[in-house]
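S.K.: A single structure is presented below for examination.
The values are calculated or read from the model by the stated rules, or taken from the named source; none is laboratory data. None of these values were measured; they are calculated from a predicted model. Reconstructed Cβ throughout: ideal geometry from the backbone, glycine too, with neighbour counts over all protein chains shown. SASA here: full protein model, heavy atoms, side chains in, ligands and nucleic acids out. Shrake-Rupley method; radii C 1.70, N 1.55, O 1.52, S 1.80 Å.
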Amino acid sequence: MNANYHFRNGATAAGPYRTVITPESAGWDYSGLRVLELAPGGTERVETGEDELLVLPLAGSCSVTCDGESVTLAGRTGVFARPTDFAYVPRDAAAVVSSDRGGLFALPGSRCARRLPFRYQPAEATQPELRGAGNCSRQVNNYCLPHTFDADRLLVCEVLTPSGNWSSYPPHKHDEQRDGETQLEEIYYFEVAGGPGGEGMAYQRVYSSAAGDIDVCAEVVSGDVVLIPHGWHGPSMAVPGYDLYYLNVMAGPGPERAWRICDDPAHGWIRQHWQEQEIDPRLPFGTGSHEGRGS
C-alpha cells in the first residue's frame, strides 16, 4: 500500500517544482504542497486560486510580490541552520517569487474560504519548541499554527530530529472530528542530512485506525513525501548518523482551525517516562554541533 501514500523524490515533479501535491492528486479535499526550485536569477509566478499558502524557504532567499506589495525573505542556508522567515499569500492571488542566488522554497497550502491579507512573518517570531526527552527529543518550529499565525485553515510546522532519535512518537492520529481531536489531512515532506558516504535515510510508519486502512513502513530520503489521510502515524525514525527534518502541512473540514491529536493508547504511556529524562543536548539545531550541516 506504500505506493498510494509514499512518493519518492521527483515522482510528482512538474516544471520548476520538485514536488506537486494537490488535493485532487492526493484524493482528499484541503491540503497541498509544492516545492519550488529556482536557479540564480529565477522567477516564478504562482496563482493561488482557491488556496491560501506560505512561501517558506528551505534553502536560499527570495522576494515575494503580491497585491502590490513586496517582501524579502532572508531565508536560510538549509533546514538545519535555523528557523526561517516566510510570506503568507492569500487565495485568489497572483504572487511572483524571485531569487537572485536561487534556492528551494516550500509552498504549503490549503483550500480555504476567507481571503486574508498578504503578510510577512520574521524568523524571530518562531522560537524553537523542544518536545519529548531522551531519544524522543525533537525540535518543532511552529510557523503557522493557531497560536502563532492567523490563517483560514492552513497549519504548518517543521520537526527536526537528531540522528538516532524518534519523533512523531508516540503514534497519534487526527482523523475524527470529536472532543479532543480534529480531522486533518497531513503531508510529510522530508529532508535528511547527508553523511561521509553520501545521502542519508530515515523511516516513517503509518498504520490503520478505525477511520480507514493504511499501511506504510517506508525508507525516506530527501525530497520524499508521505501522505496521511487517516490512521495512526509515527514514529518518524532518524537513523544513527543522519539528522532528520520534515515539514508538516495540515488542513481539514472542522469548524475550528485547531490541531488536536489522540495518542495510540497502546503506546501513549511513553510520555510518562520523559519526566525522568533530559532533553537531548544537541538541540536546538543551529546552536552547536549541528550548525552548518547539510539538509
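S.K.: With a cut-off of at least 2 residues that are open to solvent by less than 20 Å² (accessible area, probe 1.4 Å), out of contact with any His (no Cβ under 7 Å at 6 or more places or on another chain) and under 16 Å from Arg101 (Cα atoms), name the strands (runs of 3 or more DSSP E) lying wholly within the range 17-88. Write out each step before concluding.
M.R.: On the way: elements: 17-21, 31-38, 42-47, 51-66, 69-76.
Output list reads 31-38, 51-66, 69-76.
S.K.: Turning to a different aspect of this structure: Looking at (1) acidic (Asp, Glu); (2) more than 24 Å from Ala210 (Cα to Cα); (3) free of Cβ contacts under 8 Å to residues at least 12 places away in the same chain, can you tell me which one Asp179 breaks?
M.R.: Exception for Asp179: condition (2).
S.K.: On to the next question. Show the residue pairs meeting these rules: Cβ distance below 8 Å; 6+ apart or different chains; first residue within the range 229-247 and charged (D, E, K, R); second residue surrounded by fewer than 20 Cβ atoms within 10 Å (Cβ to Cβ) and part of a loop (DSSP other than H, G, I, E, B).
M.R.: Asp243/Ser163; Asp243/His290; Asp243/Arg293
S.K.: Then there is this: Of all residues in the range 132-173, how many are farther than 19 Å from Pro108 by Cα and either out of contact with any strand residue (DSSP E or B) (no Cβ under 6 Å at 6 or more places or on another chain) or assigned to a helix (DSSP H, G or I) (or both)?
M.R.: Here is the first cut: in the range 132-173, the residues farther than 19 Å from Pro108 by Cα are 132-139, 161-173.
Filter once more, so that each one left must be either out of contact with any strand residue (DSSP E or B) (no Cβ under 6 Å at 6 or more places or on another chain) or assigned to a helix (DSSP H, G or I) (or both): 133-137, 162, 164.
Total meeting the criteria: 7.
S.K.: Report whether or not Trp274 is over 21 Å from the mean Cα position of the chain (by Cα), surrounded by 15 or more Cβ atoms within 10 Å (Cβ to Cβ) and farther than 20 Å from Val156 by Cα. Step through it out loud before you land on a result.
M.R.: On the way: over 21 Å from the mean Cα position of the chain (by Cα): yes; surrounded by 15 or more Cβ atoms within 10 Å (Cβ to Cβ): yes; farther than 20 Å from Val156 by Cα: yes.
Yes.
S.K.: Counting only residues that are free of Cβ contacts under 8 Å to residues at least 60 places away in the same chain and among the acidic types (Asp, Glu), which one in the range 111-158 is nearest to Leu244 (Cα to Cα)?
M.R.: Checked the range 111-158; the qualifying residue nearest to Leu244 (Cα to Cα) is Glu129.
S.K.: Does Pro108 satisfy being surrounded by fewer than 24 Cβ atoms within 10 Å (Cβ to Cβ) and either among the aromatic types (Phe, Trp, Tyr) or touching a residue at least 24 places away in the same chain (Cβ under 8 Å) (or both)?
M.R.: On the way: surrounded by fewer than 24 Cβ atoms within 10 Å (Cβ to Cβ): no; either among the aromatic types (Phe, Trp, Tyr) or touching a residue at least 24 places away in the same chain (Cβ under 8 Å) (or both): yes.
When the stated conditions are applied, Pro108 does not pass them.
S.K.: So which residues in the range 89-100 are among the aliphatic types (A, V, I, L, M) and not in a strand (DSSP E or B), if there are any at all?
M.R.: Ala93
S.K.: Looking for something more than 17 Å from the chain's Cα centre (by Cα), farther than 23 Å from Leu155 by Cβ and among the polar types (S, T, N, Q) - is there at least one such residue anywhere in the range 209-230?
M.R.: no
S.K.: Which residues, counting only those in the range 1-40, are touching a residue at least 12 places away in the same chain (Cβ under 8 Å), hydroxyl-bearing (Ser, Thr, Tyr) and in contact with a strand residue (DSSP E or B) (Cβ under 7 Å, 6 or more places away or on another chain)?
M.R.: Tyr5, Thr12, Tyr17, Thr19, Tyr30, Ser31
S.K.: Separate question: Hey, can you tell me all the residues within the range 144-187 that are within 24 Å of Gly32 (Cβ to Cβ) and among the hydroxyl-bearing types (Ser, Thr, Tyr)?
M.R.: Taking the range 144-187 and keeping what is within 24 Å of Gly32 (Cβ to Cβ), we get 144-160, 167-168, 172-177, 181-187.
Residues satisfying the conditions are Thr148, Ser167, Ser168, Thr182.
S.K.: If I ask for residues that are assigned to a loop (DSSP other than H, G, I, E, B) and open to solvent by 20 Å² or more (accessible area, probe 1.4 Å), which ones from the range 117-131 would you list? Reasoning before the result, please.
M.R.: Our first condition is that a residue be assigned to a loop (DSSP other than H, G, I, E, B); within the range 117-131, this holds for 117-118, 122, 126-128.
Those that are assigned to a loop (DSSP other than H, G, I, E, B) and open to solvent by 20 Å² or more (accessible area, probe 1.4 Å): Pro117, Pro122, Gln127, Pro128.
S.K.: Take the residues in the range 1-16 that are assigned to a strand (DSSP E or B) and open to solvent by 40 Å² or more (accessible area, probe 1.4 Å), then tell me which one is farthest from Tyr207 (Cα to Cα).
M.R.: Restricting attention to the range 1-16, the residues satisfying the condition of being assigned to a strand (DSSP E or B) are 6-7, 14.
In the following step, the residues that additionally are open to solvent by 40 Å² or more (accessible area, probe 1.4 Å) were identified as 7, 14.
On the way: Phe7: 17, Ala14: 30 Å.
That would be Ala14.
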